[in-house]
1. Just to be sure I understand: of the beta bridges DSSP finds with both ends in the range 6-115, what percent are antiparallel, rounded to 5?
2. Check each of the trypsin sites (Lys or Arg not before Pro) in the range 1-50 and keep only those in coil by DSSP with at most 14 other C-beta atoms within 10 angstrom; list them in order.
3. Give me the percent of accessible area attributable to carbon and sulfur for the chain, probe 1.4 angstrom.
4. Let me have the relative contact order for the chain, percent, based on Cα pairs under 8 Å that are six or more residues apart.
5. Rounded, prolate or oblate for the range 21-64? Axes are the square roots of the Cα gyration tensor eigenvalues, ordered a ≥ b ≥ c, and the cut-off for rounded is a/c under 1.5.
6. Using the heavy atoms of the protein chains alone and a 1.4 angstrom probe, what is the accessible area of the range 1-109 per residue in square angstrom?
7. Under a GNM of the chain (C-alpha, springs under 10 Å), which listed residue has the highest mean-square fluctuation: G55, G14, G101?
8. Return the lysines within reach of K96: Cα separation strictly under 16 angstrom, same-chain partners fewer than 8 residues apart disregarded; answer none if there are no such residues.
Amino acid sequence: VQVVESGGGLVQAGGSLRLSCAASGSIFSLNTMGWYRQAPGKQRELVATIRSGGGATNYADSVKGRFTISRDNAKNTINLQMNSLNAEDTAVYYCKVRSLGMDYWGQGTQVTVSS
């Protein structure tokens, strides 16, 4: 299974970015995909997840109302629309696919928010 993220970059506070993640390989149709992030000196934390069946979503409290996760089941891709970004959102963002009890991670994409 390959997981590839794209869309990171530098943005000013208050701005927006859109991250994308594409998964390929042997992925069971029922899976959960999501975004996690890790800031310097901090542990990796959940940002948002979305299930393939039904599309149930879960967000960290810190991003609720600002970030929106979506997916295309046919393509095994997810997107993360990030609005009203602030300096605390600066981190490496990782995409994860959970399928049949296995976790597959991407290499991460840097998001930097300048104040």
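1. Numbers: 36 of 40 bridges.
Here the antiparallel bridges make up roughly 90 percent for the range 6-115.
2. For trypsin sites (Lys or Arg not before Pro) across the range 1-50 that sit outside H, G, I, E and B with at most 14 neighbouring Cβ atoms in 10 Å, the list reads K42.
3. Values: 2900 of 6150 Å².
Solvent-exposed carbon and sulfur of the chain make up 47 percent of the total.
4. 37 percent
5. Note, shape of the range 21-64 comes out oblate.
6. On the way: 5820 Å² over 109 residues.
Dividing the accessible area of the range 1-109 by its residue count gives 53 Å².
7. Result for the chain, Cα springs under 10 Å: G101 fluctuates most.
8. Once the sequence-local lysines are set aside, what remains near K96 is K75.
The values are calculated or read from the model by the stated rules, or taken from the named source; none is laboratory data. The structure displayed is predicted, hence computed values, not measured ones. Every residue, glycine among them, receives a Cβ derived from its backbone with ideal geometry; neighbour counts consider all protein chains shown. Remember, those area values only see protein heavy atoms, side chains included, never the ligands or the DNA or RNA. Shrake-Rupley method; radii C 1.70, N 1.55, O 1.52, S 1.80 Å.
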